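Engineer: One structure is given below, represented as structure tokens, and several questions about it will come after.
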Amino acid sequence: MPPRQLPAVSVIMPVLNEERHLRNAVRHILEQEYDGEMEVVIAVGPSADRTEEIAAELAAEDPRVNTVPNPTGRTPAALNVAIKASRHPVVVRVDGHGMLSPDYIATAVRLLEETGAQNVGGIMHAEGENDWERAVAAAMTSKIGVGNAAFHTGGEAAPADTVYLGVFRREALEQQGGYNEEFIRAQDWELNFRIREAGGLVWFSPELKVSYRPRPNVRELAKQYRNYGRWRHVVARFHQGSINMRYLAPPAAVVAIAAGAVVGAAVTPWGFLVPGGYLAAIVAGSVPAGKGLPVGARVRIPLALATMHMSWGWGFLTSPRALAKKVIASRRPAVVAQSG
């Protein structure tokens, strides 16, 4: 009996200012333990570093790699242009700073077949290269940092609301018209919501792991999480019923801490119990989160946690309603089925 032929796979990468990690990320793709045909489509935004040059070098070095321009620099637009330029029935999303585990694609293809899912994904395995990045990685993989999100903290294989990155059946992307390009952030969550609303299955498995490099400083981490909160609120406005308590915890913490500080300063010192209690909680929570890390990383975990919580909550609270109106007005297919 001849061996089963594996489906061909298209790997799509939205990249912008990824000089630091792009070559290594592509190497992890090209060295996958997968016997099926594979192509890599890199959608390159207008970068301020050598990203475009490195992408061109990668395409010249390996015929499996192609590049397409993404003039807007926006992630969802990059994903859609890469999907349109790709050819194969399985579409794997990878970011320019994500490192696939060696059997990632083979495992994902197997899970698509076993579960019948439209999209499968796994763990966002944050790894740092210095003490600050290690602290952020610890915060991002702890329940005190991100709640019970399985793609951050792990868990049993099961249906999920969303997954990290994703390995899709092409027909699911075409049915949904691709990513909504107005969602500058949270575009994965929003697309997976539409897939589930259409009756499709989104499947999480801890067998799938992608190493992720955290933001390099407090300012960049704060910007990242502020945008997460801002756009998660847009998803909540756009898709009624898509919010839960995990998403409401950071904005509630911001309000409670601010109110406690005001009461403490203007009325009674007892008000400072709220921000003091929060500080004590993240310091205590950082102890198990930092187990096995160098002292320099462990002492930075409370700062990473506070930055993530407060920035996400502030972004959620200050998300302008006009963003949701803009998203609704622009709802149209961005990816169409290929002919022939």
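Engineer: Output needed: percent of Cα pairs per 5 Å distance bin for the range 151-300, bins running from 0 to the one holding the longest distance.
Structural biologist: In whole percents, the pair-distance histogram is 2, 7, 12, 15, 17, 16, 12, 8, 6, 3, 1, 0, 0.
Engineer: Here's something else I'd like to know. Using a 1.4 Å probe on the protein chains only, how many percent of the accessible area of the range 28-81 belongs to carbon and sulfur?
Structural biologist: Values: 1210 of 2520 Å².
The nonpolar share, carbon plus sulfur, comes to 48 percent.
Engineer: Moving on. Can you work out the Karplus-derived ³J(HN,Hα) for every residue in the range 199-213? Use 6.51 cos²θ - 1.76 cosθ + 1.60 with θ = phi - 60°, whole Hz, and x for glycine or proline.
Structural biologist: Values per residue, Gly and Pro as x: x, x, 9, 10, 10, 9, 9, x, 5, 9, 9, 10, 6, 10, 9 Hz.
Engineer: Translational diffusion coefficient, Stokes-Einstein: compute it for the chain using the Kirkwood radius over C-alpha pairs as Rh, at 25 °C and 0.890 mPa s, and state it as an integer in µm² s⁻¹.
Structural biologist: Values: Rh = 21.0 Å.
Using the Kirkwood radius from Cα pairs, D works out to 117 µm²/s.
Engineer: Cut-off 10 angstrom, C-alpha nodes, Gaussian network model of the chain. Which of Ala25, Ala137, Ala259 fluctuates the most?
Structural biologist: The residue that fluctuates most here is Ala259.
Engineer: Summing Lys, Arg as +1 and Asp, Glu as -1, what charge do residues with Cβ under 15 Å from the Cβ of Pro102 carry, Pro102 excluded?
Structural biologist: -2
Engineer: Could you work out which residue, out of Val267, Val26, Val254, moves most in a Gaussian network model of the chain, that is, has the largest mean-square fluctuation with Cα springs under 10 Å?
Structural biologist: Val267
Engineer: Net charge near Leu112: determine it from the other residues with C-beta under 13 Å of the C-beta of Leu112, scoring Lys and Arg +1 and Asp and Glu -1.
Structural biologist: Spelling it out: positives minus negatives among the neighbours equals -1.
Engineer: Another question, then. Kindly write out, for the range 218-224 in residue order, the coupling ³J(HN,Hα) from the Karplus curve 6.51 cos²θ - 1.76 cosθ + 1.60 (θ = phi - 60°), rounded to whole Hz, with x marking Gly and Pro.
Structural biologist: 4, 4, 5, 5, 4, 4, 4
Engineer: Another question, if that's okay. Given N residues in the range 1-61, what is Rg(Cα) / (2.2 N^0.38 Å)?
Structural biologist: Normalised Cα radius of gyration, the range 1-61: 1.34.
Engineer: Taking a probe of 1.4 Å, how large is the accessible area per residue of the range 1-117, in Å²?
Structural biologist: 44 Å²
Engineer: Share of antiparallel DSSP beta bridges in the chain, in percent to the nearest 5? All intermediate terms of the calculation are to be shown ahead of the outcome.
Structural biologist: Values: 11 of 34 bridges.
Of those bridges, close to 30 percent are antiparallel.
Engineer: Using θ = phi - 60° and the Karplus relation 6.51 cos²θ - 1.76 cosθ + 1.60, list the HN-Hα couplings for the range 121-138 in order, rounded to whole Hz, with x at every Gly or Pro.
Structural biologist: x, x, 9, 7, 8, 5, 9, x, 10, 8, 4, 5, 5, 5, 5, 4, 4, 5
Engineer: Next question. First compute the accessible area of the range 95-237 with a 1.4 Å probe, then give the percent of it belonging to carbon and sulfur atoms. Numbers along the way, then the final one.
Structural biologist: Details: 2250 of 5000 Å².
Whole-percent figure for carbon plus sulfur exposure: 45.
Engineer: Can you tell me the mean projection area, over all orientations, of the convex hull of the range 1-139's alpha carbons? Units nm², please.
Structural biologist: 9.8 nm²
Engineer: As a test of the formula, what do you get for the chain when each DSSP H run with n ≥ 4 contributes -39,500 (n - 2.57) and the sum is divided by the residue count, at 222 nm and rounded to the nearest 500 deg cm²/dmol? Don't skip to the answer; put the middle values down first.
Structural biologist: Details: 15 runs with 169 residues, N = 340.
It comes out at -15000 deg cm²/dmol, rounded to the nearest 500.
Engineer: Under a 5 Å amide H to amide H cut-off, with H placed in plane at 1.01 Å, what residues pair with Asn70 once short-range neighbours are removed?
Structural biologist: Hits under the 5 Å cutoff: Val44, Gly45.
Engineer: Can you list the residues, at least 5 places off or on another chain, whose amide H is less than 5 Å from the amide H of Lys209, using H built in the peptide plane?
Structural biologist: Ser101, Ile123
Engineer: What percentages, rounded to whole numbers, describe P(r) for the range 252-305 computed over all alpha carbon pairs with 5 Å bin width beginning at zero?
Structural biologist: P(r) for the range 252-305, in whole percents per bin: 5, 21, 21, 17, 13, 11, 8, 3, 0.
Engineer: Right, another one. Mind ranking Lys143, Lys291 by accessible surface for me, highest first, 1.4 Å probe?
Structural biologist: Lys291, Lys143
Engineer: Moving on to the next point. Can you give the accessible area per residue of the range 137-225, in Å², using a 1.4 Å probe?
Structural biologist: Averaged over the residues of the range 137-225, the accessible area is 38 Å².
Engineer: Near the amide H of Met38, under 5 Å away, which other amide H atoms are found, from residues 5 or more places off or on another chain, if H is placed in the peptide plane?
Structural biologist: Correct list: Val9.
Engineer: Okay, moving on. When only DSSP loop residues count, what GluC sites (Glu not before Pro) in the range 32-63 have their Cβ near at most 16 other Cβ atoms within 10 Å?
Structural biologist: Passing both the DSSP loop test and the Cβ count: Glu33, Glu37.
Engineer: So what's the convex hull volume per residue for the Cα atoms of the range 67-117, in Å³?
Structural biologist: In the range 67-117, the Cα hull volume divided by residue count equals 102 Å³.
The values are calculated or read from the model by the stated rules, or taken from the named source; none is laboratory data. The structure displayed is predicted, hence computed values, not measured ones. Cβ sites come from the backbone with ideal geometry, for glycine too, and all protein chains shown count toward neighbours. These area figures cover heavy atoms from the full protein model, side chains too; ligands, DNA and RNA do not enter into them. Shrake-Rupley method; radii C 1.70, N 1.55, O 1.52, S 1.80 Å.
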